[in-house]
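Just so it is clear, none of the values below were taken in a lab; they were calculated from the coordinates. Predicted model only: the values in this text are computed from it and were never measured. Cβ: placed from backbone, ideal geometry, glycine included. Neighbour counts: every protein chain shown.
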2 protein chains.
Amino acid sequence: MKIDALSRMGRRTAPPPISWLMQTALSRPKLISLAAGFTDNPTLPVEMSRKVLNRVLHSPETGRPALQYGITAGETNLRQCTARHLQRLDQSSSSSSSSLERKSRTRMKNEDENDKIHSWERVMITGGSQQLLYMTLEALGDEGDIVLVEDPTYFVFLSILQSRGLRARGVRLERNGLDLGHLEAVLQQLKKTGELRRVKALYFIGYFQNPTGVTTSFEKKRGIVKLLKQFEAAAGHPIYLLEDAAYRELRFKGPDVKSALLVPGAMDRVIYTGTYSKPYAPGTRVGFGILPEPLFTAVQRIKGNHDFGTANLLQQLLAGALETGLYDQHVAKIEKRYGQKAQVMKQALARHFPPNVEIWESGGGLYFWARLPGNVPTGVKSKVFQTALKNDVLYVPGELCYADDPARKKPDHEMRLSFGSASEENIREGIKRLGEVLRKFLS
Amino acid sequence: MKIDALSRMGRRTAPPPISWLMQTALSRPKLISLAAGFTDNPTLPVEMSRKVLNRVLHSPETGRPALQYGITAGETNLRQCTARHLQRLDQSSSSSSSSLERKSRTRMKNEDENDKIHSWERVMITGGSQQLLYMTLEALGDEGDIVLVEDPTYFVFLSILQSRGLRARGVRLERNGLDLGHLEAVLQQLKKTGELRRVKALYFIGYFQNPTGVTTSFEKKRGIVKLLKQFEAAAGHPIYLLEDAAYRELRFKGPDVKSALLVPGAMDRVIYTGTYSKPYAPGTRVGFGILPEPLFTAVQRIKGNHDFGTANLLQQLLAGALETGLYDQHVAKIEKRYGQKAQVMKQALARHFPPNVEIWESGGGLYFWARLPGNVPTGVKSKVFQTALKNDVLYVPGELCYADDPARKKPDHEMRLSFGSASEENIREGIKRLGEVLRKFLS
């Protein structure tokens, strides 16, 4: 029998766009990959994890609960640690519009509000923040529904949309977040075509964006919430703002920015997702989020069907690392490390890249974003990419990060350059090789 | 705005049927729960897990890969361990139709076939077998599609179907597996109504079934495969057999039975799911499965969107436990333990339950199944359940384990009694309390 029994989803789900890149990397042992979003290997907290796990598994009193079933939304201690952690991040971060004076005057009121916004009962623990993104889309999106995304955006998020039959509409990105004028134009256009009722959410990566490194200012967050609310009446339902903060703690330069949760009146519209995977260790795959109702309940039920809850043992590892302060020590260490590696890449780019390549530098995360002049293509089939591959250096072509949006041509002249997993030596050598390739094709 | 933006799935996903039972248990401190499917607490491998994790995290060489991203389908070492593990289970298990002589004559051929059937490249590692069940249904089922299930079956599987808009049709269960006559009648009926093309799979729990404790004989597995294949032409596509073997290794009596993978010609139709959670530790939440194409590829892509792959650290814990033989030691220990607890429950049932209650005893797993005479109801609102609750003892009402199937009235006179998590003392006391309640309502 040649016909298969797959569902529409089973049939349409495409292979991940970079699986081919990954395989290519494996088959060329001398290849330097600036493509992978892996984190730095030498700083992974091996010793620290051993210490914490020995503590958890030292006695039956703490060991047994860690090895038993738990609560679908996550273990209470980790949810409470996470709530405190987020509250601390949001309190120490700056909102550039607020002066010291105003801060002190409204402190009491704000702290009360923050307690509600960051209440541990709104926190859910998931298998990386990826699982939370997935389940949020399950709870919000029917086939044909629309999610607004940054142009460009995180390509695995685009894969989820594709798999689930959801449509993406791109909104232009500026150096400090979404182009609010373009967002308004897109919403107007969707209203005009009668598609606004299909718009369920806007997804953005608030900190050190993947792939561009852009951090969205708090003013922009405020502006986005205002615009979305403005169009809700025409949509006939809430339009959620989904803030992905996966890279927030990989910050080596500049002040932190408040999350969208802190935009006044946005508490019931913002879904905030974060992760311990990137700042601590991807192999632990523990993420978290803050969700408003009725989404929290819907996602919790869906998670019960997925897996009853994230593995307790990993939750206790993270709770232990947070409670003992070891987590903070580790984050301080990797901030320094990534800062150093970013510096190495920056210097190499200045030395080896043609001056007419526009470089977007970031104060955190894992990426530089490079834009070639005159629309010299960088895609998988381009001469630039193929020559780079022959010269044993790999990057992520920018075109993979753009939604299939009929409203515009997909830009294809950019590249994402990661300093996450490559060694300093390989960053220097990889950028040198890539610079040589670019000099051939850029005059 | 009162209207929500949830998807159909977000709106329809019901709360888990036993969440209310669980909460009730928490609010009555003296309550003895024979409801929870939790595993035995005192035998959880705390010391063993500490040992293995110390081994994994002892050096950067093994520690760093365990804390880094990995492969979506699972780490190669654990996939290989798992393939060998399953091959060993299927080789040592008996097919009651095969004599020693035939075994030796066909050994070479069978071993070659087994190598293919249990090839590690067909193995996928998931977040418990629950996640694999979920993703398999994503890959196979569109809204309105039908999955045949045992009557009764695992209630969380029914929750997944409900959430995803899939329909369940129940097939009667006998003491050694599905009633093949009824299966054929159901398939005929579906063919007659034109709904056969919506039937994507038959789901059954092959070993020590949840909730009844029934183990399906190999002959029945052979019979099921034969019937499903017979109706495939009319369906217009393959009908998969989804064998859930979650309880297989919790076996304390009688020989093991070969999995449906071993039914001749069934290799491309059987999806086999198993787990390390129940025999090792639920808090590690590592499951696995063997999938034929094109399902393997579809599910792998879907898993990439869910979480990129199950946490490496947990995979290395399980691989370490398997490689060192500690896993086998642990399974031997808990087999003995559950055997003992089952014996305690059996004796208590004999002593305290009215003789006209039919008890289904099992050679493994976590459950006894009790059927009351004269259709005395046992549901959440019944006098039996409410009185039991007042007397501080909890069971799972049988009705929760039946699909919403318009073709028959839902049976409501049964109860699932778990000896998994309760202590021996509480098993005795709980059954005594329940026996007293039953004596009130049964003459």
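A few points about this structure:
- Karplus-derived 3J(HN,Hα), 6.51/-1.76/1.60, for each residue of the range B:394-405, Hz, glycine and proline x: 10, 9, 8, x, x, 4, 5, 9, 10, 5, 6, 10
- Prolate/oblate/rounded call for the range B:210-345, Cα gyration tensor, a/c under 1.5 rounded: oblate
- Ascending distances from the A:Ala14 label point to its copies in the other chains, with the point 7 Å along the Cα-to-beta-carbon line: 3.8 nm.
- Length gained on full extension, B:Lys253 to B:Lys226: 6.8 nm, using 0.36 nm per residue less the C-alpha separation.
- Square roots of five times the Cα gyration tensor eigenvalues for the protein assembly as shown, Å: 47, 31, 28
- Between the range B:330-394 and the range B:154-194, the alpha-carbon centres lie 25 Å apart.
- Inter-copy label distances at A:Lys333 (7 Å, Cα→Cβ; nm, one decimal): 3.2
- Amide hydrogen neighbours beyond the local backbone of A:Val199, cut-off 5 Å, H modeled: A:Ile146
- Helix-only CD estimate at 222 nm, as mean residue ellipticity for the protein assembly as shown, using -39500 (n - 2.57) per DSSP H run (n ≥ 4): -14000 deg cm²/dmol
- Scaling against 2.2 N^0.38 Å puts the C-alpha radius of gyration of the range A:287-419 at 1.48.
- Shielding by partners, peptide B:37-49 (average Cβ within 10 angstrom, other chains): 4
- Take A:Arg84, push a point 7 Å out from Cα through the beta-carbon direction, and compare it with the same point in every other copy: 4.4 nm, smallest first.
- Highest mobility in the GNM of chain B, judged by mean-square fluctuation with C-alpha springs under 10 Å and restricted to B:Tyr395, B:Tyr154, B:Tyr134, is found for B:Tyr134.
- Cross-link pairs exceeding 21 Å in C-alpha to C-alpha distance, out of A:Lys200/B:Lys303; B:Lys51/B:Lys253; A:Lys192/A:Lys229; B:Lys226/B:Lys258; A:Lys253/A:Lys336, comprise A:Lys200/B:Lys303; B:Lys51/B:Lys253.
- Within straight-line reach of B:Lys390, meaning a Cα separation under 15 Å, sit the following aspartates and glutamates at least 8 residues removed in sequence or on another chain: B:Glu429, B:Glu436.
- Counting charges near B:Gly10 (Lys, Arg +1; Asp, Glu -1) among other residues having Cβ under 13 Å from its Cβ returns a value of +3.
- Axial C-alpha extent at least 30 Å, average Kyte-Doolittle at least -1.0 - helices from chain A (DSSP): A:326-352
- Candidates B:Ala245, B:Ala233, B:Ala201: whichever shows maximal mean-square fluctuation once chain B is modelled as a Gaussian network with Cα springs under 10 Å: B:Ala233
- When chain A is treated as a Gaussian network with alpha carbon springs shorter than 10 Å, the biggest mean-square fluctuation among A:Leu291, A:Leu313, A:Leu241 belongs to A:Leu313.
- Chain B shape via C-alpha gyration tensor axes, a/c threshold 1.5: rounded
- More than 19 Å apart - percent of Cα-Cα pairs taken over the range B:124-228: 44
- Here the Karplus curve 6.51 cos²θ - 1.76 cosθ + 1.60, taken at θ = phi - 60°, turns the phi angles of the range A:164-178 into couplings of 8, x, 8, 9, 10, 10, x, 10, 4, 10, 9, 5, 10, x, 4 Hz, with x standing for Gly and Pro.
- Three-way shape label, the range A:71-326, alpha-carbon gyration tensor, a/c 1.5: oblate
- In this structure the amide hydrogen of B:Val171, modeled in the peptide plane, comes within under 5 Å of the amide hydrogens of B:Val149, B:Glu150, B:Asp151, none closer than 5 places in sequence on its chain.
- Partner lysines whose Cα lies under 24 Å from the Cα of A:Lys383, excluding those fewer than 8 positions away in the same chain, are identified as A:Lys30, A:Lys409, A:Lys410, A:Lys432, A:Lys440.
- A simple spin-label model places the labels of B:Lys30 and A:Leu442 7.9 nm from each other, with each point 7 Å out along Cα-to-Cβ.
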